[in-house]
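The values are calculated or read from the model by the stated rules, or taken from the named source; none is laboratory data. On a predicted model such as this, the values are computed, not experimentally measured, just so you know. As a convention, Cβ positions derive from the backbone with ideal geometry for all residues, glycine included, and neighbour counts pool all protein chains shown. Each accessible area value is taken on the protein alone, full model and side chains, heavy atoms only, with ligands, DNA and RNA left out. Shrake-Rupley method; radii C 1.70, N 1.55, O 1.52, S 1.80 Å.
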Amino acid sequence: MIHLADIHGKGVQGSTHYIGRKSKDGRHQRSALNNPFSVERVGMLALRLYRLHLVHALATADPAIITELAALERLASEGNITLGCWCCTRPAN
């Protein structure tokens, strides 16, 4: 997982697959795998809520989630892929 600021200006490239919300600048469309729970709104509970959201989506065979995961599986079978979003924690330098 990479933070898109690390490749900002270059766009999502090569094996980077964007999984975030629609970007404010319009450069990235909303992924079905985006976390609908913002840390700004619900704090650190966002990750737990997201996990429950994904479990429910898989249990109910949500077509958008299933399609996105199938696409990731296909890409992974072709080689390494990197998931990218704006909310990913960046490593300390």
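Determine the share of the stretch 24-67's accessible area contributed by carbon and sulfur atoms, expressed in whole percent, with a 1.4 angstrom probe. Spell out each step's value before the answer.
Details: 2100 of 3340 Å².
About 63 percent, which is the carbon plus sulfur part of the accessible surface.
Taking the Cβ of T67 as the centre, find all other residues whose Cβ is under 13 Å away and add up their charges (Lys, Arg: +1; Asp, Glu: -1).
On the way: positive: R74; negative: D62, E68, E73.
Residues near T67 contribute -2 overall.
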Original post:
Using a 1.4 Å probe, what is the accessible area per residue for the stretch 18-68, in Å²?
Top reply: 72
**OP:** Given the peptides 27-38, 73-84, arrange them by the average over their residues of other C-beta atoms within 10 Å, most packed first.
**Re:** 27-38, 73-84
